[in-house]
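A.B. asks: Structure in structure tokens, see below.
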Amino acid sequence: MLGQIGVYLVDTVFAFFVMLLLARFHFQWLRVPFRNPVGEFVLATTSWMVMPVRRVIPSLAGLDLATLLLAWVLEGVAIWIKAAIVGVEPSFLVIAGVAALGLVRYSLYILVFAIIVQVIFSWINPYAPMAPVFNAMTAPFLRPLRRFIPPLGNVDLAPLVLLVVIQILLIVLANVA
């Protein structure tokens, strides 16, 4: 019972920071402005970790490698701690591979969240102050689909198709891990 509680707490705390670091990485990669409540929250909660690492690891081609590496290391540490609580000793390569798959999985979850929020904003209030943030996060993924899937009766089905594709990718990742 205590082991389950420990695994749950480690998973919750580390997943929170890994998701924030990945959100920061994706915001910068997708050129989402940080001048909004979500962006400011992400910066406020992750800058204390990212800034020291950024002094050592530079960006590459506009990608914030320091943030991505930090997310990968935190995910690896979480896997290692959870394995230690359970009593398993995985190798470094197993931890590194599972951590990389975990980052892909979390990135897909972030995209699912952004799609759902963007769709809700488009129905309720497309001119909401936060709508451009979620549009910027989802547009690069929806744009190719919209070329092939026209709106039917003023209803855009591209987000639904993208959610199905993401769910298939999550199933594949679960089986690989």
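The values are calculated or read from the model by the stated rules, or taken from the named source; none is laboratory data. Note that this is a predicted model, so its numbers are computed, not measured. All Cβ positions, glycine included, derive from the backbone under ideal geometry; neighbour counts span all protein chains shown.
A.B. asks: Please give the helices (runs of 4 or more DSSP H) falling wholly within segment 90-177 in which 2 or more residues are among the basic types (K, R). Outline the logic, then answer.
C.D. replies: Working: elements: 92-124, 131-148, 158-176.
In segment 90-177, 131-148 are the helices (runs of 4 or more DSSP H) which contain 2 or more residues that are among the basic types (K, R).
Yes or no, residue by residue, for (1) surrounded by fewer than 18 Cβ atoms within 10 Å (Cβ to Cβ); (2) in contact with a His (Cβ under 8 Å, 6 or more places away or on another chain); (3) under 28 Å from M1 (Cα atoms):
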{"residue": "G76", "(1), (2), (3)": "no, no, yes"}
{"residue": "V94", "(1), (2), (3)": "yes, no, yes"}
{"residue": "A99", "(1), (2), (3)": "no, no, yes"}
{"residue": "Y109", "(1), (2), (3)": "yes, no, no"}
{"residue": "A114", "(1), (2), (3)": "no, no, no"}
{"residue": "Q118", "(1), (2), (3)": "no, no, no"}
{"residue": "F121", "(1), (2), (3)": "no, no, no"}
{"residue": "V133", "(1), (2), (3)": "no, no, no"}
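A.B. asks: Could I ask something else about it? Answer yes or no as to whether L108 is aliphatic (A, V, I, L, M), at pLDDT below 90, out of contact with any strand residue (DSSP E or B) (no Cβ under 7 Å at 6 or more places or on another chain) and within 28 Å of P132 (Cα to Cα).
C.D. replies: Numbers: aliphatic (A, V, I, L, M): yes; at pLDDT below 90: no; out of contact with any strand residue (DSSP E or B) (no Cβ under 7 Å at 6 or more places or on another chain): yes; within 28 Å of P132 (Cα to Cα): yes.
Criteria not met by L108.
A.B. asks: Give P144, P140, P159 a once-over and let me know the one that is surrounded by 10 or more Cβ atoms within 10 Å (Cβ to Cβ), closer than 26 Å to N36 by Cα, more than 16 Å from the chain's Cα centre (by Cα) and not basic (K, R). Spell out the reasoning first.
C.D. replies: Details: P144 fails: closer than 26 Å to N36 by Cα; P140 fails: more than 16 Å from the chain's Cα centre (by Cα).
Sole residue among the options that is surrounded by 10 or more Cβ atoms within 10 Å (Cβ to Cβ), closer than 26 Å to N36 by Cα, more than 16 Å from the chain's Cα centre (by Cα) and not basic (K, R): P159.
A.B. asks: Scan segment 105-122 and report the pairs whose first residue is over 22 Å from I171 (Cα atoms) and whose second residue is of a type in the set (G, A, S), with Cβ atoms within less than 7 Å and a gap of 6+ or a chain change.
C.D. replies: F121/A128; F121/A131
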